[in-house]
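K.L.:
Handing you this structure, nothing more for now.
The values are calculated or read from the model by the stated rules, or taken from the named source; none is laboratory data. Note that the structure is a prediction, hence the values are computed from the model and not measured. When we count neighbours, we look across all protein chains shown, and the Cβ atoms used for this are built from the backbone with ideal geometry, even at glycine. When the accessible area is computed, the model is the full protein with side chains, heavy atoms only, and any ligands, DNA or RNA have been set aside. Shrake-Rupley method; radii C 1.70, N 1.55, O 1.52, S 1.80 Å.
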Amino acid sequence: MSHPSVEDIKINSHRLRGTLAEGLLDATTGSLNFEDQRTIKFHGSYQQDDRDLRDERRRQKLEPAHQFMIRIRAPGGVFTPRQWLGLDEIATTYASHSLRVTTRQTFQIHGVIKRELKATMQAINAAAMDTISACGDVNRNVLGASNPLQSALHAQVHDWAQRLSLHFKPATRAYYEIWLDEEKVAESGVEHEPIYGDAYLPRKFKIAVAVPPYNDVDVFANDLGLVAIVDDAGQLAGFNVAIGGSMGASHGIAAHYPRIGNVIGFVTPEQVFAIAEAAVTVQRDLGDREDRKHARFKYTIDDHGSDRIVAMMEARAGFTLQPARPFHFEHNGDRFGWVEGDNGLWHLTLSLPSGRIADTPGRPLLTGLREIAKVHEGEFRMTCNQNVIIAGVPAAQRARIDALVAQHGLDRENNAPTAIARSAVSCVALPTCALAMAEAERYLPGFLAALEPLLDKHGLREAPILLRISGCPNGCSRPYLAEIALVGKAVGRYNLFLGGDHRGMRMNTLYRENITEPQILEALEPLLGRYAAERETDERFGDFLHRAGIVELPPYPTNRQVALELHA
Ligand code: SRM
Ligand code: SF4
């Protein structure tokens, strides 16, 4: 029997209700039906199964070990200690005893079984959070720069992320009815969706707000990127607008390519909602609804031409974009350790390997952060590099936090002894991700350990080289922007990409295909050696590879790097 298309499922879902309420009550299976597996994504959850157990369960003629991943909506990535403690309790009561910081600065929990899904959602809401639109063909979690140095700007950007997220939240009450038992009212199932319409978007849509000089949100990897422009008085003048960024690709299919957003102009703060809504609705109306692999905004822009899309956006927004203003990004990483914000409070950025917060022998990270949440009076900020900032600490409280960090192995020496390890990012991949072709998160520690002797040999232990690993070409760790990237091809085999920059402004290039760890190390060894010997002062690895003629820009059809004339 053939399944209905996702477009049909959305239209016939009674505004994202489907038969979820009934399906949750069906005790004969741990799974939802095909349609509801699509619909539940809009509620922030994915049905998965433990792939480590798949073969054994098949042999035993059991259904797969179905379980659910839940993603929190957290625009700007800020959590209070109370929310942290709530998440910790949820993870240890209903999920796999771990919290996972994502590359979109929120949390995922894994391993929730169907009969506990509703209780878990209710617990999330009781802890003052929700999961609406964390997945699905809608606007996703809105990113906001997490740089702790500029406190006032951070607060403004966080506010923008919150407001944009609320603006693009679907109007349907489905979430509240299904998970929180809200009473149905007359328009239940037929609510007016003023922005999305009946069929929502053709595909996911992602927005990020960056504050130069740090591109810690990787703003150009988003469908809509806003780069804050600050005037001479330190006030927010407005935003440069970039459209069409996205990482997703397919191995060997040239028509599926990653793309860096192109900067199309400048808007004032008053114009932000109009231009964002114009981008979303142009994509709603022109995006490909036949082929989901070709349905992101980047393809709409490339198929119709950037000029036409910008003209449509301007017509819908009711104004012409101003010329883009110069900006400068220093890097797209996090700054580790303590820094003092401009409001006199202190912020501690901790490196979390792949964002995984669990208790493992010698590293009780989950317990440690729980103990910190019990005494911390500020907030926790997640970064898009899967790290955490313990933010807003009065000077007098620092020693107490430091003691808890040391006691629970949260310090960087323990978790990331080299510079490359501190900034490395890897996606979840196996065993939960249905699309993984190779390990990523579980492979990162082993790969770093194998790389360490090479770094030591060439004196590069503290060289800040940007490494990202993805278990498949979808690119959840934004690998195509890394200086070194491994993209999973099959178990134990990766494509090696080289030559991105450290500012998230240049894509890398396929260097070797389908290779194993020894071959990866063999390929990297001479390049690291040459880099160590020939680099110029402060020259980064990706820039060196280009200057030395070792790699060129990749052969994607459009936007392989951000127009550098704007990069003041
Ligand atoms: Fe992703 C699908 C995990 C950020 C591009 N992503 C998935 C799924 C849900 C697999 C699936 O569809 O069955 C993964 C769940 C794994 C698991 O077991 O938890 C998954 N993506 C993640 C996270 C958790 C990676 C991480 O390790 O942090 C990130 C969650 C972000 C969040 O909190 O919202 C995550 N995904 C990204 C990013 C990075 C970003 O947004 O900055 C990208 C690249 C940017 C982009 O969208 O192009 C990304 N994920 C994808 C794609 C490719 C989309 C495309 O247009 O081609 C898929 C596959 C799909 O949607 O069909 C995907
Ligand atoms: Fe899964 Fe691929 Fe995303 Fe990794 S990049 S989480 S393997 S979809």
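K.L.:
Using Cα pairs closer than 8 Å and at least 6 residues apart in sequence, work out the relative contact order for segment 77-139, in percent. Don't jump to the answer; show the numbers that get you there.
P.N.:
On the way: 52 pairs, mean separation 19.0, N = 63.
Taking the mean separation of contacting Cα pairs over the length of segment 77-139, I get 30 percent.
K.L.:
Select from segment 483-537 those GluC sites (Glu not before Pro) which occupy a DSSP coil region and have at most 10 other Cβ atoms within 10 Å, ordered by residue number. The partial results should precede the final answer.
P.N.:
On the way: sites: GLU483, GLU513, GLU522, GLU534, GLU536; in loops: GLU483, GLU536.
In loop regions of segment 483-537 (DSSP not H, G, I, E or B), the sparsely surrounded GluC sites (Glu not before Pro) are GLU536.
K.L.:
What's the Cα-based Rg to Rh of segment 420-548, Rh via Kirkwood? Each step should come with its number before you reach the end.
P.N.:
Numbers: Rg = 13.6 Å, Rh = 14.4 Å.
Ratio of gyration radius to Kirkwood radius: 0.95.
K.L.:
Still on this structure, I have one more. Rolling a 1.4 angstrom probe over the protein heavy atoms, how many square angstrom per residue are accessible across segment 420-548? Numbers along the way, then the final one.
P.N.:
Details: 4470 Å² over 129 residues.
Accessible surface, normalised per residue, equals 35 Å².
K.L.:
In terms of the Cα gyration tensor, with a ≥ b ≥ c the square roots of its eigenvalues, is segment 336-487 rounded because a/c is under 1.5, prolate because a/b exceeds b/c, or oblate?
P.N.:
Prolate shape, in that a/c is at least 1.5 and a/b is the bigger ratio.
K.L.:
Which value at 222 nm does the chain reach when only helices count, each DSSP H run of 4 or more adding -39,500 (n - 2.57), with the total divided by all residues and rounded to the nearest 500 deg cm²/dmol? Provide the component values of the computation, followed by the final result.
P.N.:
Details: 18 runs with 175 residues, N = 568.
Calculated at 222 nm, the ellipticity per residue is -9000 deg cm²/dmol.
K.L.:
Hey, another quick one. When you take every Cα atom in segment 90-227, what is the radius of gyration, and what is Dmax, the widest Cα pair distance, in Å?
P.N.:
16.8, 50
K.L.:
What Cys residues in the chain have no fellow cysteine's beta-carbon under 4.7 angstrom?
P.N.:
CYS135, CYS384, CYS433, CYS472 - these cysteines have no disulfide-compatible partner (Cβ-Cβ under 4.7 Å) in the chain.
K.L.:
On to the next question. Considering Cα pairs under 8 angstrom that are at least six residues apart, work out the relative contact order of the chain and quote it in whole percent.
P.N.:
Numbers: 1283 pairs, mean separation 72.4, N = 568.
The normalised contact order for the chain reaches 13 percent.
K.L.:
Which one of VAL428, ALA74, THR383 has its Cα pushed farthest toward the positive end of the charge dipole of the chain, where Lys and Arg give +1 and Asp and Glu give -1 at the Cβ?
P.N.:
VAL428
K.L.:
Right, something else. Could you give the dipole magnitude of segment 420-548 about its Cα centre, charging the beta-carbon of Lys and Arg +1 and that of Asp and Glu -1, in debye to the nearest 20? Don't skip to the end; give the middle numbers.
P.N.:
Numbers: 15 positive and 16 negative charges, 63 e Å.
Here segment 420-548 has a charge dipole of around 300 debye.
K.L.:
To the nearest 10 square angstrom, how much accessible area does TYR443 have with a 1.4 angstrom probe?
P.N.:
40
K.L.:
If you count only protein heavy atoms with a 1.4 Å probe, what accessible area per residue comes out for segment 47-157, rounded to a whole Å²? Walk me through the numbers on the way to the answer.
P.N.:
Values: 3860 Å² over 111 residues.
Using a 1.4 Å probe on heavy atoms only, each residue of segment 47-157 averages 35 Å².
K.L.:
What number comes out for accessible area per residue over segment 337-417 if the probe is 1.4 Å? Units Å², please. Numbers along the way, then the final one.
P.N.:
Numbers: 3050 Å² over 81 residues.
Value returned for segment 337-417: 38 Å² of accessible area per residue.
K.L.:
Next question. Over the chain, with every protein chain in place, what whole percent of the accessible area is carbon and sulfur at 1.4 Å, could you tell me?
P.N.:
Numbers: 11060 of 21560 Å².
So the carbon and sulfur contribution to the accessible surface is 51 percent.
K.L.:
Please figure out what share of the DSSP beta bridges in segment 420-548 is antiparallel and state it in percent, rounded to the nearest 5.
P.N.:
Working: 10 of 16 bridges.
The antiparallel fraction comes to roughly 60 percent.
K.L.:
Here's another thing I want to ask about it. If you average the C-alpha positions of segment 123-152 and of segment 1-34 separately, how far apart do those two centres end up, in angstrom?
P.N.:
Each part reduced to its Cα centre gives a spacing of 26 Å.
K.L.:
Where in segment 1-96 are there trypsin sites (Lys or Arg not before Pro) that are in a DSSP coil and have at most 15 other Cβ atoms within 10 angstrom of their Cβ? List each step's numbers first, then the result.
P.N.:
Values: sites: LYS10, ARG15, ARG17, ARG38, LYS41, ARG51, ARG54, ARG57, ARG58, ARG59, LYS61, ARG71, ARG73, ARG82; in loops: ARG15, ARG17, ARG51, LYS61.
When the trypsin sites (Lys or Arg not before Pro) of segment 1-96 are filtered for loop state and at most 15 Cβ neighbours within 10 Å, LYS61 remain.
K.L.:
Starting with the highest mean, order 182-194, 293-305, 423-435 by the number of other Cβ atoms within 10 Å, averaged over the residues of each peptide. Display every interim value, and only then the final one.
P.N.:
Numbers: 182-194: 11.6, 293-305: 20.1, 423-435: 22.5.
Ranked by mean Cβ neighbours within 10 Å, highest first: 423-435, 293-305, 182-194.
K.L.:
Which value in nm describes the separation of the simple spin-label points at TRP338 and ALA403, placed 7 Å from the Cα toward the beta carbon?
P.N.:
For the pair TRP338/ALA403, the computed spacing is 1.4 nm.
K.L.:
From the mean inverse distance of alpha carbon pairs (Kirkwood) and the Cα radius of gyration, derive Rg over Rh for the chain.
P.N.:
On the way: Rg = 22.8 Å, Rh = 24.1 Å.
Across the chain, the Cα-based Rg/Rh ratio is 0.94.
K.L.:
Right, next: Relative contact order for segment 337-417 using alpha-carbon pairs under 8 Å, separation at least 6, rounded to a whole percent? Present the calculation step by step, with values, prior to reporting the outcome.
P.N.:
Working: 120 pairs, mean separation 30.8, N = 81.
Worked out over segment 337-417, it gives 38 percent.
K.L.:
So, in the chain, how many Lys pairs have Cα atoms under 21 Å apart, if the pair is 8 or more places apart or on different chains?
P.N.:
23
K.L.:
Measure out, as a whole number of angstrom, how far apart the alpha-carbon centroids of segment 278-340 and segment 469-487 sit.
P.N.:
Rounded to whole Å, the Cα centres lie 21 Å apart.
K.L.:
Which FRET efficiency, nearest 0.05, do GLU552 and ARG308 yield, Cβ-Cβ r, R0 30 Å? List each step's numbers first, then the result.
P.N.:
Working: r = 30 Å, r/R0 = 0.99.
E(calc), rounded to 0.05, equals 0.50.
K.L.:
If R0 is 51 Å, what FRET efficiency do you get for GLU539 and ILE113 from their C-beta distance, rounded to 0.05?
P.N.:
So the FRET efficiency works out to roughly 0.50.
K.L.:
Moving to a separate point now. Using alpha-carbon positions, what is the distance between the centroids of segment 229-262 and segment 180-208, in Å?
P.N.:
Computed from Cα coordinates, the inter-centre distance equals 26 Å.
K.L.:
Same structure, new question: Show HIS458, HIS97 ordered by accessible area, largest first, where the area counts protein heavy atoms only and the probe is 1.4 Å.
P.N.:
Values: HIS458 45, HIS97 100 Å².
Result, largest first: HIS97, HIS458.
K.L.:
Where does each of THR103, THR19 land when they are ordered by accessible area, with a 1.4 Å probe and the largest first?
P.N.:
Values: THR103 20, THR19 65 Å².
Heavy-atom accessible area, descending, gives THR19, THR103.
K.L.:
I would also like to ask the following. Of all GluC sites (Glu not before Pro) in segment 320-416, which ones are in loop regions per DSSP and have a Cβ with at most 15 other Cβ atoms within 10 Å?
P.N.:
Working: sites: GLU330, GLU340, GLU371, GLU377, GLU379, GLU413; in loops: GLU330, GLU377.
When the GluC sites (Glu not before Pro) of segment 320-416 are filtered for loop state and at most 15 Cβ neighbours within 10 Å, GLU330, GLU377 remain.
K.L.:
Among PHE544, ASN240, GLY392, flag the residue with its Cα farthest along the positive direction of the charge dipole of the chain, charges on Cβ as +1 for Lys/Arg and -1 for Asp/Glu.
P.N.:
Of the options given, the answer is PHE544.
K.L.:
With each label point set 7 Å from Cα along the Cα-Cβ vector, what nm distance links SER188 and GLU513?
P.N.:
Each label point lies 7 Å from its Cα, and together they span 5.5 nm.
K.L.:
What distance in nm separates the two pseudo spin-label positions at ALA449 and GLU22, each 7 Å out from Cα along the beta-carbon direction?
P.N.:
About 5.1 nm, to one decimal.
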